[in-house]
Structures are given as C-alpha cells and as structure tokens.
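What follows is calculated from the coordinates using simple rules that are stated; it is not laboratory data. Quantities reported herein were computed from a predicted structural model and do not represent experimental measurements. Here Cβ is always computed from backbone atoms with ideal geometry, including for glycine, and neighbour counts include all displayed protein chains.
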C-alpha cells in the first residue's frame with residue numbers, strides 16, 4: 001500500500017518536472033526524457049561511471065575512517081569519564097564549527113589530491129558520529145548498570161552486554177548524519193580541490209549550461225545518498241530486531 | 001559442627017550460629033555539597049541469621065533500599081560497619097538482588113537475562129545453559145525462554161528477575177519491594193511463589209517492603225524502621241503463624257490481625273510525628289482535641 005503511494009508520488013514528481021520543463025523559459029530545466037537521454041549517453045561513454053567511481057572511493061574512504069575513529073573516541077570518552085569531561089568541550093566546539101572552513105588549511109597541508117579530499121570528507125563525517133556515540137554511552141541505563149554490578153559482572157562484560165547495545169541507536173543516528181555530511185563534503189572537496197568526480201562534472205556541466213547532463217549528476221548524488229541511508233536503516237533494523245515488529 | 005565452633009575454628013565454619021548479615025551502627029549520607037546533603041541512615045543496626053526471612057518495614061524514604069545496597073556492597077557506609085559472611089560485602093553470585101523495577105536487559109531473551117547472572121561464575125557454557133533452564137522452569141516460564149522482556153507482563157518480568165537472582169544459588173537474597181509494581185492479584189500469587197522457592201532454597205532473605213501485610217505474611221521477623229535518617233526502631237518476631245503459610249489463609253488468623261494492627265499504629269505514629277512528613281502534626285492535634 002505504502003509502496004503504491006510512493007510510486008504514485010514519484011510519478012507525480014516526474015509529471016511536475018515535465019510541466020516545469022515545458023514552461024520555464026530557455027531550456028533551463030531539461031525534460032525528463034532529455035535527462036534520460038543524457039544518462040544513456042553518459043553511460044555509453046563511461047564518463048558517469050568513472051566520475052561515480054572516483055567520488056565513491058573518496059567518499060567511502062573518508063566516511064569509513066570517520067566511522068572507526070569517531071566510534072572509538074566516542075566510546076573512550078563515554079567510558080572513561082575524566083577523558084570525556086576533558087575533551088567534550090572541544091568536541092562540541094569542533095562539531096559546531098563549519099568544517100569547510102578548514103579547506104584552505106587542508107589544501108596547504110595535504111595539497112589538492114586524493115588525501116585532501118578524503119580528509120575533507122572525514123572531517124565532515126567524524127563529529128556527528130563522535131558526539132552521538134558519546135551521548136549514547138552517557139545514556140546507559142544506570143539501573144541495568146547497577147543490576148550487573150550487583151551480580152559481580154566484570155566491567156568489560158558490562159560494556160559489551162549493556163553499554164554498547166544501549167548506545168547503538170545513538171550511534172546509528174550519528175552514522176546517518178555523518179553519511180549525509182560526508183556526501184556533501186565529497187562534492188565540496190571535488191569543487192574546491194582538484195576538480196574531479198561527480199563534483200567536477202557538476203561544475204563543468206553547470207558552468208556550460210548542459211542542464212540535462214547536470215541533472216543526471218544531481219540525481220546520481222541523490223541515489224548515493226539514498227543507498228547509504230537505506231543501508232544504515234537496514235543495519236539499524238537488524239540490530240534492533242529484539243524490539244519485535246512495531 | 002557445634003563442636004568445631006567451640007574449639008575455635010575460623011569464622012566461616014562457626015558462621016552457622018553467627019549472624020550472616022550484620023549492620024553495626026551504620027550511617028550513610030548522599031550528596032556532596034554541604035547544603036544538599038541528605039542523611040539517609042544513622043546508627044542503623046541489624047542482624048540477620050542464616051536462613052532467616054527478615055523484612056525491613058518503614059515509611060517511604062527511610063533508607064530501606066540503601067540498606068540493601070550496603071549489604072550487597074554496592075555502597076560503602078560512611079560510619080559503622082557492614083559485615084556479610086563475616087567479611088566486607090562484595091557484589092557477586094553469593095548475594096542475589098531483586099529490584100522493584102525488574103531491570104531486565106531488553107535486548108536479551110529471558111534465557112539470556114538469566115544466564116547473564118552466571119557470567120562471573122566459572123561454569124561452562126553447557127552448565128550455564130542447563131542451570132538457567134532449570135530456574136526458568138522453576139518460575140514457570142519455560143515457554144517464554146526465547147521471549148524478549150517487552151513481550152512479558154509485569155508478573156512474568158519479575159519472575160525472570162527472581163530466576164536471575166536465584167540462578168547463582170545465592171546464600172543471601174536481597175529483595176527491594178519486588179512486588180510493588182505488580183497488580184494485586186499477581187502479587188498474591190508471587191508472594192506464595194516466593195515462599196515456596198524460599199522454603200526449598202533455604203537462603204537468607206532481606207526483604208524491603210512498605211506493605212504491612214506483605215511483611216507479616218512472608219517474614220520470620222520484621223525490622224521496623226523509623227523515618228529519615230533511618231534506623232531499626234524495633235524487631236518484631238512474627239509468631240503464631242506456622243509455615244508453610246501458603247497452605248492456609250494467614251490473613252484471617254487472629255495473630256495476623258493483631259500484629260497488623262500493632263504495626264499500623266506504630267507506622268502511623270512514626271509518620272505523624274516525623275517533622276519531614278506531609279502529615280506532621282495531624283496526629284498530635286487530633287489527640288489534643
């Protein structure tokens with residue numbers, strides 16, 4: 001039923017797109033069919049896959065590094081209270097700073113190549129994951145904690161059985177926010193450092209008014225976003241299976 | 001064994017005749033800032049013998065739960081001394097704890113929750129499983145072994161918590177108003193269930209309750225506590241109610257009725273005379289009229 005509604009809404013959107021493309025002047029908006037043709041063309045000359053591959057490598061390298069580093073630091077900060085209390089001020093400050101502000105600095109240190117791009121993605125994704133992981137550990141159910149202590153259960157065991165599973169919903173939220181910001185930063189990095197990947201094509205087609213090609217890139221980016229967040233949602237569902245279907 | 005005790009063997013063997021749990025002049029306060037500091041217990045003394053069922057009865061906020069935490073070794077006293085099995089208490093399999101709010105791990109099954117208590121024991125995987133199975137069966141939840149806590153009713157949840165506390169076969173069972181958040185009918189069944197389990201395990205029980213009826217029904221002895229800062233005001237032996245008490249209607253016995261009246265009068269008096277209580281002064285003014 002919901003699936004039918006979703007498909008219906010998609011058809012509505014495409015219809016709206018068609019209407020807009022016919023009524024906005026000077027071909028600023030390509031029609032769905034023109035976009036489809038551009039998509040076919042870009043598949044045929046392989047330019048889309050090349051750019052997609054380049055962007056995905058940057059994105060996934062930066063994002064996965066951010067996941068590992070952020071979860072590790074967040075868990076340590078949450079578990080060892082003095083560490084957490086010392087670092088949290090700085091973590092929150094950094095999380096609130098627009099991290100694209102660091103791009104000039106990153107270019108100075110890492111140049112315009114792959115490392116710089118990966119680092120921009122990393123920097124965008126790392127803070128929301130870290131802050132959420134930290135919050136998740138702090139939100140540990142103290143009643144369960146006391147129950148486990150009263151049984152004489154060891155600290156590592158309490159961590160594995162109570163603290164970590166309790167923090168999972170928070171961590172997954174962080175992963176989702178991080179995934180979105182990481183994708184944004186992938187495009188930003190490709191625009192500001194050596195121009196390449198999907199971000200590079202976006203700039204090129206946008207600047208030369210090849211709007212159908214440009215739309216293909218925008219939709220590809222949206223598709224990556226959907227794929228990543230859906231994967232994370234599936235992960236979340238699996239990890240929360242104990243809650244039962246509701 | 002008495003002979004061994006008399007020739008002066010080390011405390012553990014002589015412990016049979018010694019009290020198993022001793023609180024001696026215990027004081028405990030919470031809060032660090034001088035102004036927010038609350039004195040919960042002052043000069044609290046209590047002795048519980050092996051195999052005895054003792055209820056701590058008193059108005060809310062008199063530190064009953066704190067006593068259990070001290071006996072379990074989750075807290076250390078500020079003053080005085082707590083002795084369990086002749087030494088300092090340490091949380092572990094020897095001491096079972098049943099909480100009012102069940103405290104089941106939501107992402108574990110019933111079996112997982114019960115087995116969790118066996119983690120610190122040296123039992124093998126198979127032994128843990130077998131033991132958990134036995135206790136789940138004992139509380140009548142075999143069909144629910146694979147269920148998660150959100151699928152259970154309050155009474156079932158507390159039975160799981162009871163199984164978890166019993167599965168380590170503790171020598172002392174600490175129970176903190178375990179039936180307070182269960183509906184009245186289930187509570188009565190659970191009380192009978194507890195008596196049955198207790199009579200077969202022989203464990204010492206320290207049972208916190210604010211229900212006079214429950215205290216009389218279950219206990220060998222009732223330690224009546226006064227309002228904060230709490231301490232034991234009176235030890236009342238429950239006499240004339242032979243066990244097993246689930247085999248007859250305890251509540252209709254004259255002994256039960258008398259004791260109930262006595263306890264209620266004491267508690268009413270305590271609350272009415274406690275300057276910290278909302279009811280302060282109501283008792284005395286009525287008497288003056």
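For region A:145-190 versus region B:121-159, the spacing of their alpha-carbon centroids is 28 Å.
Working ranking of peptides A:184-192, B:120-128, A:73-81, B:41-49 by packing, defined as the average number of other Cβ atoms within 10 Å per residue, highest first, is A:184-192, B:41-49, A:73-81, B:120-128. Computed from the C-beta positions of residue A:100 and residue A:195 and an R0 of 22 Å, the FRET efficiency is 0.85 to the nearest 0.05.
How far is the Cα center of region B:26-62 from the Cα center of region B:96-111, in Å? After rounding, the separation between the Cα centres reads 25 Å. FRET efficiency for the pair residue B:261 and residue B:150, taken as 1/(1 + (r/R0)^6) with r the Cβ-Cβ distance and R0 = 45 Å, rounds to 0.60.
For chain B, the longest principal axis of the C-alpha atoms and the axis of helix B:125-138 are separated by about 50°. Packing-based ranking of B:258-270, A:106-118 yields A:106-118, B:258-270, ordered from highest to lowest mean Cβ neighbour count within 10 Å.
Our note on the geometry: Cα centres of region B:163-234 and region A:48-121, 54 Å apart. Please compute, over every Cα-Cα pair in region A:39-243, the percentage with a separation greater than 27 angstrom. Percent of Cα pairs beyond 27 Å in region A:39-243: 40.
By the Kirkwood approach, averaging reciprocal distances over each pair of separate Cα atoms, region A:48-139 gets a hydrodynamic radius of 14.0 Å. Projected onto its three principal axes, the C-alpha set of region B:182-247 covers 36, 27, 21 Å, listed from the longest axis down. Per residue of chain A, the DSSP helices (runs of n ≥ 4 H) give a summed -39500 (n - 2.57) that works out to -27500 deg cm²/dmol at 222 nm. Counting only Cα atoms, region A:118-220 measures 69, 23, 15 Å along its principal axes, largest extent leading.
Normalised by 2.2 N^0.38 Å, where N is the number of residues, the C-alpha radius of gyration of chain B stands at 1.06.
Apply 1/(1 + (r/R0)^6) to the Cβ-Cβ distance of residue A:240 and residue A:5, taking R0 = 25 Å, and write down the FRET efficiency to the nearest 0.05. E(calc), rounded to 0.05, equals 0.50. Is the shape of region B:10-121 best called rounded, prolate or oblate, per the rule: a/c under 1.5 gives rounded, else a/b larger than b/c gives prolate, else oblate, with a ≥ b ≥ c the square roots of the Cα gyration tensor eigenvalues? Judged from the Cα gyration tensor, region B:10-121 comes out oblate (a/c at least 1.5, b/c at or above a/b).
Across all Cα atoms of the protein assembly as shown, the radius of gyration (one decimal) and Dmax (whole number) stand at 32.9, 109 Å. Counted over the protein assembly as shown, the DSSP beta bridges are approximately 50% antiparallel. With a 10 Å cut-off around each Cβ of A:161-171, the average count of Cβ atoms from other chains is 2. Each residue in A:29, A:14 was given a count of other beta-carbon atoms within 10 angstrom of its own, and listing them fewest first yields A:14, A:29.
Packing, as the average of other Cβ atoms within 10 Å across residues, places the peptides B:221-227, B:167-173, B:83-89 in the order B:221-227, B:167-173, B:83-89, highest first.
Averaged over the residues of A:141-148, the number of partner chain Cβ atoms lying within 10 Å of the residue Cβ comes to 5. Backbone N atoms of region A:42-66 closer than 19 Å to the 7 Å Cα→Cβ label point of residue A:110 belong to residues A:53-66. Counts of other chain beta carbons within 10 angstrom of each beta carbon in peptide A:134-140 average 0.
For chain B, the mean residue ellipticity at 222 nm estimated from helices alone is -10500 deg cm²/dmol, where every DSSP H run of n ≥ 4 contributes -39500 (n - 2.57) and the total is divided by all residues, rounded to the nearest 500.
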